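A.B. asks: My questions will all concern the structure given below.
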């Protein structure tokens, strides 16, 4: 069965620092990959998604993610974080014909 | 466009009591999901509906949890009787849905119901 791991439980950064959140999954094949964000007090929102084509995907609010098939990874990046990026970030993977599997989440705290 | 609606937002019950949650998906979305999110963990799929049929309920504890989507629109999730370990946020999500489970299917989440079992 598919499993998703996220490297960091809690990341603390200062504003303007660069961000990279790791995501790895266990089972290959045709995968759809997602990053969701949950801001404090709000519901889960889609940040970006990869289905096919260019492995570098751009999402909302300046986020991007790179799909590296050989490494079973889909890391999330942002060159310069803002205080408003403080949130919990979830990676999710969906194999064809199977259900979504979410990672445990990474809590990002950005200090002003 | 209205999002996924859920009610209630919060519920506190004692163990062995029953509780029900309601979800209304985005209009036109054929697929509806119920997830359980325990504090500090990612969402875990409990059940997936395609219209009013169950696609996957392999992780639903069927001895105490039940769910229905009778008219293929809104859905209810019930726990009877509740246990302490059921304390979690119950999330409903919907998507357009594609036959066979492939394609570019994106889920949209509701605000969740936070359940506390005492």
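A.B. asks: Exposed (fewer than 14 other Cβ atoms within 10 Å of the Cβ) and assigned to a strand (DSSP E or B): is that true of residue B:12 in this structure?
C.D. replies: Against the criterion (exposed (fewer than 14 other Cβ atoms within 10 Å of the Cβ) and assigned to a strand (DSSP E or B)), residue B:12 qualifies.
A.B. asks: Out of the residues in the stretch A:26-37 that are crowded, with 18+ Cβ neighbours inside 10 Å and more than 12 Å from the chain's Cα centre (by Cα), which is nearest to the other protein chains (Cβ to nearest Cβ)?
C.D. replies: Residue satisfying both the conditions and the ranking: A:32.
A.B. asks: Of all residues in the stretch B:18-43 being surrounded by fewer than 14 Cβ atoms within 10 Å (Cβ to Cβ) and in contact (Cβ under 8 Å) with a residue 60 or more places away in the chain, which is farthest from residue B:86 (Cα to Cα)?
C.D. replies: B:28
A.B. asks: Output yes when any residue across the stretch A:68-84 is within 18 Å of residue A:107 (Cβ to Cβ), part of a loop (DSSP other than H, G, I, E, B) and without any contact (Cβ under 8 Å) to a residue 60 or more places away in the chain, and no when none is.
C.D. replies: Filtering the stretch A:68-84 for residues within 18 Å of residue A:107 (Cβ to Cβ) gives A:75-78, A:81-84.
Okay, now just the ones that are also part of a loop (DSSP other than H, G, I, E, B), so A:81-82.
Keeping just the survivors that are without any contact (Cβ under 8 Å) to a residue 60 or more places away in the chain gives none.
Taking every residue of the stretch A:68-84 in turn, none turns out to be within 18 Å of residue A:107 (Cβ to Cβ), part of a loop (DSSP other than H, G, I, E, B) and without any contact (Cβ under 8 Å) to a residue 60 or more places away in the chain.
A.B. asks: Tally up the residues in the stretch A:59-104 that are within 14 Å of another protein chain (Cβ to nearest Cβ), surrounded by 21 or more Cβ atoms within 10 Å (Cβ to Cβ) and closer than 11 Å to residue A:35 by Cα, please.
C.D. replies: Result for the stretch A:59-104: 7.
A.B. asks: Could you count how many residues in the stretch A:45-58 are under 24 Å from residue A:27 (Cβ atoms) and either within 14 Å of another protein chain (Cβ to nearest Cβ) or surrounded by 16 or more Cβ atoms within 10 Å (Cβ to Cβ) (or both)?
C.D. replies: 9
A.B. asks: What is the number of the single condition among (1) in contact with a strand residue (DSSP E or B) (Cβ under 7 Å, 6 or more places away or on another chain); (2) more than 11 Å from every other protein chain (Cβ to nearest Cβ); (3) more than 24 Å from residue B:39 (Cβ to Cβ) that residue A:16 does not meet?
C.D. replies: (1)
A.B. asks: Out of all the residues in the stretch B:89-102, is one or more facing another protein chain (nearest Cβ under 10 Å), closer than 26 Å to residue A:45 by Cβ, without any contact (Cβ under 8 Å) to a residue 24 or more places away in the chain and assigned to a strand (DSSP E or B)?
C.D. replies: For the stretch B:89-102, residues facing another protein chain (nearest Cβ under 10 Å), closer than 26 Å to residue A:45 by Cβ, without any contact (Cβ under 8 Å) to a residue 24 or more places away in the chain and assigned to a strand (DSSP E or B): absent.
A.B. asks: Could you check residue B:60 against (1) part of a strand (DSSP E or B); (2) within 14 Å of chain A (Cβ to nearest Cβ); (3) at pLDDT 90 or above and say which number it fails?
C.D. replies: (1)
The values are calculated or read from the model by the stated rules, or taken from the named source; none is laboratory data. Just so you know, these numbers come straight off a predicted model, no measurement behind them. All Cβ positions, even for glycine, are placed from backbone atoms using ideal geometry, and neighbour counts span all protein chains on display.
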